[in-house]
Amino acid sequence: MTATRYVTPLREGGSLPGIVEADDLGTYVMKFTGAGQGRKTLVAEVICGRLAQRLGLRVPTLVQMQLDPVIGLGEPDQEVQELLKASGGLNLGMDYLPGSIGFDPLAYRVDPAEAGRVVWFDALINNVDRSWRNPNMLVWHGDLWLIDHGATMIWHHNWPTAAAASAKPYNASDHVLAPVGPDIAAAAAALAPLVTEELLTEVAADVPDEWLVDEPGFDSTDAVRRAYVEALLPRAATIHQRITMEAEVRTPAGPPGWLTDHLPEWPHPTKKKSDGQ
């Protein structure tokens, strides 16, 4: 895609993503190569987003998007102007979900099976950014969607320590879905066999060469892709055994009865199921 108009910044994100319109007449959330976190944030978004989709988790569609910095000339915000000037060329876009709202554990119930799949996936990619403070999940059309995977796979910021870092356990005590009682064993049984070398190789192949070139310690972009495969593959097989939680996870207090007693049980009984019922 090619970005045709910069609409507005999303200041909730630390990297200052923005809503843009593209030449396919669609609207996307764009993440920029010129942001402070750099191109590795976009690499993590692609690998984790593609992997989540292949495992059956809901993630907005990802696209490669060309940006001409000229579209920022009329932007009154100096910070946004500088960001667009620094991000000419290929960036990352993700489908904008109009009408979606941020996940609130007090307002939306997630069953233990789905919670287990999300927690297991976050443990696999070592996602440190899915806490109750910042869930990075949206509710759209009654379904849970996962967003913002730029703070994952922290080992790729220091490749010499990647093998040791990727072998570490995952503390899910602070995870936003921990109070649900996620069924991690069932999630591991269903998802771990799907994370094969072939799948990870395909996912890593979706990362553009220009985001991997000149990575210190590697002689080619394919070697960098291989490093991601080698870090994630063994972790998928055993990470469920190393997910830790506090003995008693503190469950946040629910909303007052006067606010919720008149509401139907969630999910609403008229919500359409994926099988058409």
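Pop out the Kirkwood hydrodynamic radius of region 13-57 from its pairwise C-alpha distances, inverse of mean 1/r, in Å to one decimal.
Answer for region 13-57: a Kirkwood hydrodynamic radius of 11.8 Å.
If you plug each phi of region 129-143 into the Karplus form 6.51 cos²θ - 1.76 cosθ + 1.60 with θ = phi - 60°, what whole-Hz ³J(HN,Hα) values come out, in order, with x for Gly and Pro?
Per residue, the Karplus-derived 3J(HN,Hα) values read 10, 9, 8, 5, 6, 8, x, 6, 9, 10, 10, 9, 6, x, 10 Hz.
Skipping prolines and chain starts, which residues have an amide H placed within reach, meaning under 5 Å, of the one on Ile19, given they are 5 or more residues away or on another chain?
Placed amide hydrogens put Val7, Thr8, Leu10, Met30 under 5 Å from Ile19.
Relative to the present Cα-Cα distance, how much length would full extension add between Leu25 and Ala190 at 0.36 nm per residue of separation?
That works out to 55.6 nm of additional length.
By per-residue mean of other Cβ atoms within 10 Å, what is the highest-first order of 64-74, 22-32?
Going by the mean number of other Cβ atoms within 10 Å, highest first, we get 22-32, 64-74.
Determine, from the Cβ-Cβ distance of Asn171 and Ala113 and an R0 of 25 Å, the FRET efficiency 1/(1 + (r/R0)^6), rounded to the nearest 0.05.
Taking R0 as 25 Å, the efficiency between Asn171 and Ala113 is 0.70.
Can you give the FRET efficiency for Asp206 and Val128, using 1/(1 + (r/R0)^6), R0 = 30 Å, r = Cβ-Cβ distance, to the nearest 0.05?
The formula returns an efficiency of 0.85 here.
Taking H as built 1.01 Å from N, whose amide H comes closer than 5 Å to the amide H of Thr27, not counting residues under 5 places away?
Result for Thr27 returns Tyr96.
Would you mind telling me the share, in percent, of accessible area of region 90-220 contributed by carbon and sulfur at probe 1.4 angstrom?
56 percent
Let's test the formula: R0 of 22 Å, r as the Cβ-Cβ distance of Asn158 and Asp219. What FRET efficiency results, to the nearest 0.05?
That gives a FRET efficiency of 0.75.
Return the ratio Rg/(2.2 N^0.38 Å) for region 100-244, where Rg is computed over Cα atoms only.
Dividing the Cα radius of gyration by 2.2 N^0.38 Å gives 1.10.
So if I restrict to the alpha-carbon atoms in region 1-138, what is the Rg, and what is Dmax, the biggest pairwise distance, in Å?
15.8, 49
Here are some values of Cα extents along the principal axes in Å: (1) 65, 43, 41; (2) 53, 43, 35; (3) 89, 43, 25. Which one was computed from this structure?
Here Cα extents along the principal axes in Å agrees with entry (2).
Highest first, please rank the peptides 99-106, 134-141 by the mean number of other Cβ atoms sitting within 10 Å of their residues.
Ranking, from highest mean packing down: 134-141, 99-106.
The values are calculated or read from the model by the stated rules, or taken from the named source; none is laboratory data. Keep in mind that what you see is a predicted model, and the values were worked out from it rather than measured. FYI the Cβ positions are ideal-geometry reconstructions off the backbone, even for glycines, and counts take in every protein chain you see. We work out accessible area using only protein heavy atoms, side chains counted, and drop any ligands, DNA or RNA first. Shrake-Rupley method; radii C 1.70, N 1.55, O 1.52, S 1.80 Å.
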